[in-house]
1. Nothing charged except the Cβ atoms of Lys and Arg (+1) and of Asp and Glu (-1): what's the magnitude of the dipole of chain B about its Cα centre? Round to the nearest 20 debye.
2. Nearest 5 is fine: what % of DSSP beta bridges in the protein assembly as shown come out antiparallel, could you say?
3. In whole Å, what are the extents of the stretch B:31-74 along the principal axes defined by its C-alpha atoms, from largest to smallest?
4. May I ask for the percentage of alpha-carbon pairs in chain B that lie more than 22 Å from each other?
5. Please compute the Kirkwood hydrodynamic radius over the stretch A:28-101, one decimal place, Å, based on all pairs of different Cα atoms.
6. Counting every Cα pair in the stretch A:1-49, what percent are over 18 Å apart?
7. Would you kindly give the portion of the calculated P(r) for the protein assembly as shown that falls above 30 Å, as a percent of all Cα pairs?
8. Considering all projection directions equally, how large on average is the shadow of the alpha-carbon convex hull of the stretch B:66-111, in square nanometres?
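What follows draws every value from the coordinates through simple rules; no lab data is involved. In this text, all values refer to a predicted model and were calculated from it rather than measured experimentally. Virtual Cβ from ideal backbone geometry, glycine too; neighbours counted across all protein chains shown.
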Amino acid sequence: KAGVTQTPRYLIKTRGQQVTLSCSPISGHRSVSWYQQTPGQGLQFLFEYFSETQRNKGNFPGRFSGRQFSNSRSEMNVSTLELGDSALYLCASSLDGTVVSGEKLFFGSGTQLSVL
Amino acid sequence: QKEVEQDPGPLSVPEGAIVSLNCTYSNSAFQYFMWYRQYSRKGPELLMYTYSSGNKEDGRFTAQVDKSSKYISLFIRDSQPSDSATYLCAGYKAAGNKLTFGGGTRVLVKP
């Protein structure tokens, strides 16, 4: 069974540019969540998508956006990049996203974004 | 103040020793607590999942939750060099359906 796949693995951009990251969840999983991981702030929740709808959102500016397609694949976009956006962006998938049910959240290996 | 706090380490132990990891949290709304292990350049993987106060064992791993003092622990018995990783604790509340992670503790098990 294939795991969560994130592409690209590494990305280098300059300030002011925009970037799109991609996430393919485990087959059959309908919930996709995105997290930002930095040495200073740790892992922070960005947003969650379920059945093509954003279901939950963290405390990030509007420059961070996402979407989910009918096949559950998800993309995350960051516009007008800032130096502080340099981070590891992790995608996680689960069947329906409700941790309450005890189901696991499976993480991908992430996309390492460097903003110069 | 962060909702979930962890000592960043590094915590260095000899092979075979017990690794003791701790987290404190401030949000009483957390209903579930998880421990994740993250190897370098990889995403976190779930190790333990607990709901109520008390102990939960799974092989070499024991998770403890004390909701009265807002304290969670993870113990790793008979530690191996392959246990060298960053360990993240997380709290979960149904409202918002999101995990709130601690900053992680880096563990190094020396052969």
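1. Once rounded to the nearest 20, the dipole reads 260 debye.
2. Details: 76 of 84 bridges.
Once the DSSP bridges in the protein assembly as shown are tallied, antiparallel ones form about 90 percent.
3. That works out to 36, 21, 13 Å along the principal axes.
4. Details: 1625 of 6105 pairs.
Within chain B, distances greater than 22 Å cover 27 percent of Cα pairs.
5. For the stretch A:28-101, inverting the mean 1/r across all distinct Cα pairs yields 12.8 Å.
6. I get 45 percent for the Cα pairs in the stretch A:1-49 exceeding 18 Å.
7. On the way: 6059 of 25651 pairs.
Percent of Cα pairs beyond 30 Å in the protein assembly as shown: 24.
8. Details: hull surface 17.6 nm².
Projected over every direction and averaged, the Cα hull of the stretch B:66-111 covers 4.4 nm².
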